[in-house]
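See below for the structure under consideration.
The values are calculated or read from the model by the stated rules, or taken from the named source; none is laboratory data. The structure presented is a predicted model; accordingly, all values stated were derived computationally and were not measured. A quick note on method: Cβ atoms are made from the backbone with ideal geometry, for glycine too, and the neighbour counts reach across all protein chains shown. Remember, those area values only see protein heavy atoms, side chains included, never the ligands or the DNA or RNA. Shrake-Rupley method; radii C 1.70, N 1.55, O 1.52, S 1.80 Å.
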Amino acid sequence: MTTPSMTTPPRTIRGATRQPTRGRPADTVRGAAPELAGGAAPPRTTPGAEPARGAAAPLRHAPGGTAPAAPVLVAVGHGSRDPRARATLARLLERVGELRPGLDVRLAHIELNTPLLDTALAELAAEDRDAVLVPLLLAPGHHVGHDLPAALAAAPGLRARVAGPLGAHPLLVEALADRLAHAGWTPEDGASRTAGVVLASAGSRDPRSGAELRRIAALLGERLGGVPVVPAYASAAAPTVPEAVRALAARGRHRVAVASCFTAPGLFASRAAAHAPWIASEPLGAHPALARLVLHRYDRALCAATRERELATV
């Protein structure tokens with residue numbers, strides 16, 4: 001499905017403060033699929049594509065072949081007391097807007113920061129707009145499976161869907177590997193018998209979350225040349241980062257880097273980095289690969305809506 005674009009790109013991201021764009025890395029992402037490399041066109045529908053979840057109501061399609069405005073992309077962050085977190089997500093959404101000119105991109109939070117998700121959804125309902133909620137979360141869990149669908153259910157009349165979490169995807173792995181390289185990881189480390197990586201994330205009691213982080217760790221290990229990558233968690237799950245570091249050391253891997261699998265700075269990211277015996281990467285932040293992944297999840301949700309509408313007419 002091709003998302004229509006407007007002739008004039010928006011100048012600001014709703015719910016975000018515009019930040020300077022100087023000093024950002026280039027937008028080229030190595031290893032990205034061709035349809036994602038430019039960020040300009042949604043992917044074609046493929047068999048077995050992941051369905052979007054949590055639809056409050058079907059997204060509209062205009063009669064007579066006319067193209068309606070593209071649904072608003074609402075990027076949903078967790079929220080943090082760290083003031084850097086909101087500013088980082090604002091920069092990420094600026095990148096998303098640059099990749100898809102004309103798309104209405106807005107930021108919302110589950111807690112702690114404004115705008116809160118229920119406020120953002122109420123505004124969309126008042127504007128009579130369709131929306132796709134893209135969780136800025138790394139794996140399935142309570143927030144994706146419960147909080148976001150519940151927020152949609154509490155917004156009567158709003159036509160919206162919840163996309164999948166960012167999850168195990170080559171674009172996420174590209175961002176993780178690039179952040180590690182900026183922290184000091186080299187190709188020689190990937191071939192070393194004494195190096196290892198701890199993939200640090202927030203953690204969840206949902207077993208699907210742990211399974212997804214293990215998939216991300218496996219993909220990152222392949223990307224780094226076969227080095228062992230052990231997932232670890234800041235809360236709610238085991239092992240912790242210090243436990244994962246000790247497990248690698250027991251295998252003779254004493255040169256251990258911590259890969260920060262967080263979308264933005266915050267308490268958990270800082271704690272994980274503090275336990276790094278060697279280097280620790282920065283959170284994913286406004287990395288260009290992460291911006292492309294946000295658009296990919298948005299596009300997948302739109303493709304799922306199209307398939308459902310087509311099946312309903314059969």
Mind pulling the per residue volume of the convex hull built on the Cα atoms of the stretch 202-297? Å³ is fine.
-> 106 Å³
Cut-off 20 Å, label 7 Å out along Cα→Cβ of ALA236, residues of the stretch 99-135 by amide N | 108-114, 116-118, 133-135
If you bin every alpha carbon distance in the stretch 141-224 into 5 Å steps from zero, what whole percent lands in each bin?
-> 3, 12, 20, 17, 14, 11, 9, 6, 4, 2, 1, 0
Per the Kirkwood formula on distinct C-alpha pairs, the Rh of the stretch 79-140 is how many angstrom?
-> 12.8 Å
Rounded FRET efficiency, nearest 0.05, which uses the C-beta distance separating GLU282 from ALA69 and R0 of 41 Å | 0.70
With label points set 7 Å from each Cα along the Cα-to-Cβ direction at ALA211 and GLU188, the distance between them in nm comes to 4.1 nm
Are there trypsin sites (Lys or Arg not before Pro) in the stretch 148-253 that DSSP marks as loop and that have at most 13 other Cβ atoms within 10 Å, and which are they?
-> ARG193, ARG205, ARG251
Where only alpha carbons of the stretch 81-210 are counted, the Rg and the Dmax (Å) = 17.7, 59
Taking the Cα-to-Cβ direction at GLU127 and at GLU243 and moving 7 Å from each Cα, how far apart do the two end points lie in nm?
-> 4.4 nm
Determine the per residue accessible area of the stretch 71-136 with all protein chains present and a 1.4 angstrom probe, expressed in square angstrom.
-> 33 Å²
Which whole-number percentage describes the relative contact order of the stretch 232-314, with Cα contacts under 8 Å and a sequence gap of 6 or more?
-> 22 percent
Would you mind computing, in nm to one decimal, how far apart the modelled labels at GLU98 and ASP118 are, each placed 7 Å from Cα along Cα→Cβ?
-> 3.6 nm
Let me have the relative contact order for the stretch 141-272, percent, based on Cα pairs under 8 Å that are six or more residues apart.
-> 30 percent
Within the stretch 67-103, the residues whose backbone N lies under 18 Å from a label point placed 7 Å from the Cα of ALA154 along the Cα-to-Cβ direction are 75-80
